[in-house]
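The values are calculated or read from the model by the stated rules, or taken from the named source; none is laboratory data. Predicted model only: the values in this text are computed from it and were never measured. Neighbour counts run over all protein chains shown; Cβ positions are idealised from the backbone, glycine included. The accessibility values were calculated without ligands, DNA or RNA, using every heavy atom of the protein model including side chains. Shrake-Rupley method; radii C 1.70, N 1.55, O 1.52, S 1.80 Å.
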Amino acid sequence: MLIVHTGEGKGKTTAAMGIALRGWAQSWNVGVYQFVKSGKWRTGEEAAFRALDDAHRRDGVGGPVTWEHLGRGWTWSRPHADQPLEAEELARIGWEHVRAQLAAERHDLLILDEFTYPMARGWVQTDDVLAHLRNRPGSQHVVITGRGAPEKLVAAADLVTDMTKVKHPFDGGQRGQAGIEW
């Protein structure tokens, strides 16, 4: 399946991680590829999946997990005038890497976290992404997360969820909290 979690509300990555947990429990090979989040941010999800990968390698439970950071950080919050093309270059290189994983049938489930941003900004061509996803070999499931999913992606997906924000503590100036945001 091709699954898309989009919208302005919180929970897109969290929902994708729920699918990844279920896949891990089915002994699937899970690949998580984060296109925007920096590797400097240590999240609870990453720590948990690294522990699950260790448990798989040590005890044979679940499936293997690959977790890779393909971006440099929160590119939508402010431009980086000193390195204006870095995020774009990283997105292209990251997509080439993921395409190779698809072609090699490395994973049963791929989570392309915040991958809508490179498509929406034109850093990665949506038509190219869709062509590779349509023609992926085997039975690989792909989950793409992020705000502003391109319409072509939404139309091509088997399952789309639009997370709608009703209320968020950030609106009142509250900062992110451990265990809630990361």
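Overview of values
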{"quantity": "Accessible surface, per residue, of the chain when the full set of protein chains is kept, probe 1.4 Å, Å²", "calculated": "53 Å²"}
{"quantity": "Dipole magnitude (debye, nearest 20) for the chain, charges at Cβ of Lys, Arg, Asp, Glu", "calculated": "300 debye"}
{"quantity": "Assigned charges on the beta-carbon of Lys, Arg, Asp, Glu; the stretch 7-71 dipole about Cα centre (debye)", "calculated": "120 debye"}
{"quantity": "Cβ-based charge dipole, the chain, positive-most Cα from 140, 168, 51", "calculated": "168"}
{"quantity": "Ellipticity estimate at 222 nm from DSSP helix runs (n ≥ 4, -39,500 (n - 2.57)) divided over the chain, nearest 500", "calculated": "-11500 deg cm²/dmol"}
{"quantity": "Neighbour-limited loop hits for trypsin sites (Lys or Arg not before Pro), the stretch 1-68 (at most 12 other Cβ within 10 Å; DSSP other than H, G, I, E, B)", "calculated": "40, 42"}
{"quantity": "Pairs of lysines in the chain (C-alpha under 26 Å apart; 8 or more residues apart or interchain)", "calculated": "14"}
{"quantity": "Cα-based shape type of the chain, given that a ≥ b ≥ c are square roots of the gyration tensor eigenvalues and the cut on a/c is 1.5", "calculated": "rounded"}
{"quantity": "Net charge of neighbours whose Cβ lies under 11 Å from the Cβ of residue 29, counting Lys and Arg as +1 and Asp and Glu as -1", "calculated": "-2"}
{"quantity": "Surface share of carbon and sulfur [accessible, 1.4 angstrom probe, percent] for the chain", "calculated": "52 percent"}
{"quantity": "At R0 = 25 Å, FRET efficiency that the Cβ-Cβ distance of residue 10 and residue 55 yields, to 0.05", "calculated": "0.30"}
{"quantity": "Cleavage-rule hits, trypsin sites (Lys or Arg not before Pro), the stretch 120-182, DSSP coil, Cβ neighbours within 10 Å at most 14", "calculated": "121, 165, 167, 175"}
